[in-house]
Amino acid sequence: MMIAHVGSEVRVFIRSRPTANFAQELIQYLPDGQTVSVHQRKDSRKGVVNNQLSSWSFRLDGVLHDVSQEEVYGRVGRGVVLGALEGYNGTVMCFGQTGAGKTYTMTGATESYKQRGIIPRALQEVFHEVEQRLDHTFSVHLSFLEIYNETLVDLLASVRGCPRVGPGGMVVVEEAGGGVSVRGLSLHPVHSEEEALNLLFEGEMHRIIGAHALNKNSSRSHCILTVHIESRSRTLSDAKYVTSKLNLVDLAGSERLGKTGSEGQVLKEAMYINKSLLFLEQAILALADRRRDHVPFRQTKLTHALKDSLGGNCNTVLVANIYGEASQIEETLSTLRFASRMKCVQMAPAVNEHTDPVLQVRKLEKEIQLLKQELCIHNTLIVSIRQIQEVFAQFKQAMQQQEQKVKAQLCQNYTLVEKAQSTAASTAAKSRGSQGTVGMVEGHGFGVGVAAPSERHIRPLSPGRTKSIKTKELASQGRKEAVEGRSPGPGKPVESVNPVQRDREGREHDPQSQEPQGPQEPLRPDSPPPKAEAFEDFKAERGSEINRILKENKLVLLERRARLRELTEGVNTAKREIDSTSTALRQWRDKRQSQGQFVSAEGVPVLDEAELSLVLRLRELKTQYRQQYEELCGTKAEVSYCQHLVDQCRTRLLTEFESWYNESFLLPEEVQAMLRSGAPIRPGLVPVYKALALEEDEQEHFERLRYELLADSPSAISFYNAQNRTVQRRNYSKAMSQAPVQKTTPRGSGRTKLPAILSVI
Ligand code: ADP
Ligand code: MG
């Protein structure tokens, strides 16, 4: 992967070799430091115009005239070297005629440190930077390739430990991603400037050096020293890394063939050199022409090997070396023209970023591990939440069961009250109607499993003795009898009798058990006694007063009803007699009218005796009827009122029984103790049962309790609902019992003195 940067042109510099015979009249360096003007006298031999001057001007990136090696490196090489350390491919290339100073520029004078060239300075800079950049690790390799007459030569092949080149020799190969490499070229790892310089000098030693008229040391070959750099970040443990190639190219001389007077082998070399330089130029021109898709890199080994180091994504710097003597002016012009063409080539440097597959796999594995751990944590959390939910569900279930239990208990308790209320209500409704005698029966229709009256009368209980004691006693007695083998009753097997049954049966068959036992503290039985039995006990003991009033009211009611029946009969009889008398009178008059009017001496019509008798009888009957009818209406009202009082008494009796029953048998021991002592009840202890015994002024506390319950748990709602119903029932009973009692008879007949109707308040 390459990261593209803003494009720029290939940078081109001119460097002139110092000479005592510098052609000042032909070559001018303008003050801007970038422009060279060249004047050329027309060749008189070609016979056009003698001594005529032609001028050319070349504007480049800089003119390096009388400039030190250090400055040359600074202006030409440093930027490319630093770019290579960042991951950009870079190329520094020297071009020019033989002897113009290409090798001097690239390698420098090997014997003088001060005059060392771009290559040793670049190597020094690379290792200096490697030492400085502690946040990265670098690996540096060197390769040194020579291209001589289209042949690739590894200048470092003789270095110890270098692998031998295969039978196919070295080949330029193109890599995936557009790069090129020379297969068979040795790559030498270097860890220091010194190691690198050793390799450089070793390679220089092996260059093919051709003797030449202009410069005995001038090479006839192209040399490419490549510094391969790979860097990885130490801080980011990333699988990504960057690579770069820094090509330092010393091209063969570009001089024309005729100039050197070469022959034979040298001529052949010159032909190859010129050909490769021509193709180099063509390749560079093709790169410069954006409309061209194909760049002829493969035409020569040089261009092919430099494919990824010329323009494109690479930082490329060209140094055009010129020999500033008048005799070399044509070569100088040629070099400058090449330089100005190179200047047109566009570059778009880019970092060569790669991903290390091994590291990538490691990184992904690490990531997977982290994700697994994360997933594990998630699962653990989910499991925890599920556990919490399960606990809640079970808790809810337990609460519901408890609630059901409480409800069932409440239902068992309140059926009595509800039925009693409905009975009372229906009776009251009936009593308001005209048929006052209808529906009123014994007064025992409480809708509970009350023992039959025949059973009740045989066991009158003495005051102060509770049913619970008896139950317990009888139960123990039953057990005792079972142990002793005594039969508790005729034909009843002992084994099948439970304590309650035993109690019930024992009362019928064992008169001893009904004997008074004297006052004792009530003991709580394991299970509460049946309500029917408890109710009988209650009526005989704690509720005896109310029960007595109820009975008296019932007697009055019965007496009034009897009177109502008498009056009804009397009224009806009177009515019938009126009807018959009227009929007889009418018949008598019809008969007499047919015989003629009976008149007195004065001529006034008179009644005969029989007729008179009938008229008088009729009048008497009507009076009687009227009187009886009035009394009937009054008695009806009295019956209705008495019925109302009886209902009140019954409700009160039942309510008080419920309170007593709950306190005695259902409330926990400690609550009963508190109720007896009058201590305040701790909220939430037993709110429902307590409600039965609450007084009016305790309602506030009760309401507070309700909110506390609701705040504690939402499931308290159903609990509270039950509680609330109890309060409502209680209030209803209370309202009924507090209704004002009127002792005067409605409709004010007032003639019959009613027996005293007792209020139950
Ligand atoms: P080329 O490699 O282009 O054939 P060289 O680099 O071999 O030319 O240079 C030829 C001679 O000129 C060498 O002896 C070199 O020392 C000398 N020379 C070239 N350029 C300079 C320079 N800028 N300063 C001093 N000496 C130079
Ligand atoms: Mg040279």
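Take the residues of region 161-176 that are modelled with pLDDT under 75 and within 20 Å of Pro189 (Cβ to Cβ): which is most open to solvent (accessible area, probe 1.4 Å)? Steps first, answer last, please.
Of region 161-176, the ones modelled with pLDDT under 75 are 161-168.
When the remaining residues are screened for being within 20 Å of Pro189 (Cβ to Cβ), the result is 161-165.
Values: Gly161: 79, Cys162: 24, Pro163: 96, Arg164: 226, Val165: 62 Å².
Only one residue fits best here, namely Arg164.
For region 314-344, the tally of residues that are of a type in the set (D, E, K, R) and closer than 12 Å to Ile284 by Cα stands at 2. Scanning region 293-351 for residues that are touching a Gly at 6+ places or on another chain (Cβ under 7 Å), under 13 Å from Leu251 (Cβ atoms) and not in a helix (DSSP H, G or I) gives Ala320, Asn321. The requirement of being in contact with a His (Cβ under 6 Å, 6 or more places away or on another chain) and either hydrophobic (A, V, I, L, M, F, W, C) or at pLDDT below 90 (or both) is not satisfied by Gly518.
Restricting attention to region 556-576, report how many residues are open to solvent by 60 Å² or more (accessible area, probe 1.4 Å) and without any contact (Cβ under 8 Å) to a residue 60 or more places away in the chain. The number of residues fulfilling the criteria is 6.
Just for region 108-119: of the residues that are in contact (Cβ under 8 Å) with a residue 12 or more places away in the chain and either away from ligand 1 (no atom under 12 Å from the Cβ) or not small (Gly, Ala, Ser) (or both), which one is most open to solvent (accessible area, probe 1.4 Å)? Break it down stepwise before answering.
Initially, region 108-119 is screened for residues in contact (Cβ under 8 Å) with a residue 12 or more places away in the chain, giving 108, 110, 114-119.
Then keep just the ones that are either away from ligand 1 (no atom under 12 Å from the Cβ) or not small (Gly, Ala, Ser) (or both); that gives 110, 114-116, 118-119.
On the way: Thr110: 84, Lys114: 167, Gln115: 80, Arg116: 32, Ile118: 3, Ile119: 5 Å².
In this case the residue turns out to be Lys114.
Flag set for Glu146, criterion: within 16 Å of ligand 1 (Cβ to nearest atom) and either open to solvent by less than 30 Å² (accessible area, probe 1.4 Å) or over 17 Å from Glu202 (Cα atoms) (or both).
Yes or no: region 121-135 includes at least one residue that is within 16 Å of ligand 1 (Cβ to nearest atom), modelled with pLDDT of 85 or more and either open to solvent by less than 30 Å² (accessible area, probe 1.4 Å) or under 60 Å from the mean Cα position of the chain (by Cα) (or both). Within region 121-135 (the criterion being within 16 Å of ligand 1 (Cβ to nearest atom), modelled with pLDDT of 85 or more and either open to solvent by less than 30 Å² (accessible area, probe 1.4 Å) or under 60 Å from the mean Cα position of the chain (by Cα) (or both)), the answer is yes, since at least one residue qualifies. Entry remark, region 304-346: residues being among the aliphatic types (A, V, I, L, M) and in contact with a helix residue (DSSP H, G or I) (Cβ under 7 Å, 6 or more places away or on another chain) number 8 in total.
Out of curiosity, is Gly177 within 25 Å of Gly312 (Cα to Cα), in a loop (DSSP other than H, G, I, E, B) and not aliphatic (A, V, I, L, M)? It would help to see each step written out before you state the result.
On the way: within 25 Å of Gly312 (Cα to Cα): yes; in a loop (DSSP other than H, G, I, E, B): yes; not aliphatic (A, V, I, L, M): yes.
When the stated conditions are applied, Gly177 passes them.
Scanning region 360-408 for residues that are open to solvent by less than 80 Å² (accessible area, probe 1.4 Å), under 30 Å from Glu658 (Cα atoms) and touching a residue at least 40 places away in the same chain (Cβ under 8 Å) gives Met399, Glu403, Val406, Lys407.
Quick check on His228: is it modelled with pLDDT of 75 or more, away from ligand 1 (no atom under 15 Å from the Cβ) and closer than 21 Å to Asn89 by Cβ? Considered against the rule, which asks whether it is modelled with pLDDT of 75 or more, away from ligand 1 (no atom under 15 Å from the Cβ) and closer than 21 Å to Asn89 by Cβ, His228 comes out as yes. Does region 602-612 contain at least one residue that is without any contact (Cβ under 8 Å) to a residue 12 or more places away in the chain and assigned to a helix (DSSP H, G or I)? Taking every residue of region 602-612 in turn, at least one turns out to be without any contact (Cβ under 8 Å) to a residue 12 or more places away in the chain and assigned to a helix (DSSP H, G or I). For region 73-107, the tally of residues that are within 13 Å of ligand 1 (Cβ to nearest atom) and either among the polar types (S, T, N, Q) or within 20 Å of Gly62 (Cα to Cα) (or both) stands at 16. If you check Ala637, Ala584 for being modelled with pLDDT of 85 or more, surrounded by 15 or more Cβ atoms within 10 Å (Cβ to Cβ), more than 30 Å from Glu545 (Cβ to Cβ) and among the small types (Gly, Ala, Ser), only one passes: Ala584.
Working only within region 198-225, note down all residues that are over 22 Å from Lys275 (Cβ atoms) and either buried (at least 18 other Cβ atoms within 10 Å of the Cβ) or modelled with pLDDT under 75 (or both). The answer is Leu199, Leu200, Gly203, Glu204, Lys216, Asn217, Leu225. Quick one: in region 343-359, of everything that is open to solvent by less than 60 Å² (accessible area, probe 1.4 Å) and out of contact with any Asp or Glu (no Cβ under 8 Å at 6 or more places or on another chain), which residue is farthest from Val63 (Cα to Cα)? Among those that are open to solvent by less than 60 Å² (accessible area, probe 1.4 Å) and out of contact with any Asp or Glu (no Cβ under 8 Å at 6 or more places or on another chain), it is Asp356. Here Leu287 meets each of (1) within 16 Å of ligand 2 (Cβ to nearest atom); (2) modelled with pLDDT under 75; (3) over 30 Å from Ala196 (Cα atoms) with one exception, condition (1). Selection of helices (runs of 4 or more DSSP H) fully inside region 49-106 by the criterion of at least 3 residues being open to solvent by 20 Å² or more (accessible area, probe 1.4 Å), touching a Ser or Thr at 6+ places or on another chain (Cβ under 8 Å) and within 16 Å of ligand 2 (Cβ to nearest atom) returns nothing.
The values are calculated or read from the model by the stated rules, or taken from the named source; none is laboratory data. It should be emphasised that the depicted structure is a prediction, and the values quoted were computed from it without experimental measurement. When we count neighbours, we look across all protein chains shown, and the Cβ atoms used for this are built from the backbone with ideal geometry, even at glycine. Just so you know, the surface numbers come from the protein's heavy atoms only, side chains and all, with ligands and any DNA or RNA stripped out. Shrake-Rupley method; radii C 1.70, N 1.55, O 1.52, S 1.80 Å.
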